[in-house]
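Let me begin by presenting the structure, written as structure tokens, before commenting on it.
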Amino acid sequence: MNTHVTIDRVELSLFNKLLLRGVMVEDQHRDTLLYAGTAKLNITDWFFLKDRATIKYLSLDDARVKMHRSDSVWNYRFITDYFDSPKKGGGKKGIEFDLREMHLNNIVFIKNDGWIGQ
């Protein structure tokens, strides 16, 4: 995706439970797009060896999501483009995910729409 991601701490348990603390994702202009104090993930066992993985549980705690645009393109567009566009060159298809349950706790969404249209 060609962006900067930092994670302060990672805890992995039995190859299917992941706890991330201090997750920060930047947009293409190096501004903060997402900061999450804690992200928890419970996924299919040995998912990295499979073509399809089930995310049984995903939670974000104490997070801020900053969405903005000054023209027709939102700052998170590169993420949707990355997952929507077909891969060039006919290479191997990535892992397919199935999300079962998601919890959002203490999440702040900040939206700044500076585009007046055209």
* Those residues of the range 30-48 which are modelled with pLDDT under 85 and on the phi > 0 side of the Ramachandran plot, in sequence order -> Trp46
* How about the range 88-102: which of its residues are more than 14 Å from Ala53 (Cα to Cα) and either modelled with pLDDT of 95 or more or surrounded by fewer than 10 Cβ atoms within 10 Å (Cβ to Cβ) (or both)? -> Lys88, Gly89, Gly90, Gly91, Lys92
* Just wondering, is there one or more residues in the range 11-21 that are closer than 23 Å to Gly114 by Cα, at pLDDT 95 or above and in a strand (DSSP E or B)? -> no
* Which of the following residues is crowded, with 16+ Cβ neighbours inside 10 Å, at pLDDT below 95 and among the acidic types (Asp, Glu): Asp51, Asp27? -> Asp27
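The values are calculated or read from the model by the stated rules, or taken from the named source; none is laboratory data. Given the structure is predicted, the values throughout are model-derived calculations rather than measurements. Please note: Cβ atoms are built from the backbone with ideal geometry, for glycine as well, and neighbour counts cover all protein chains shown.
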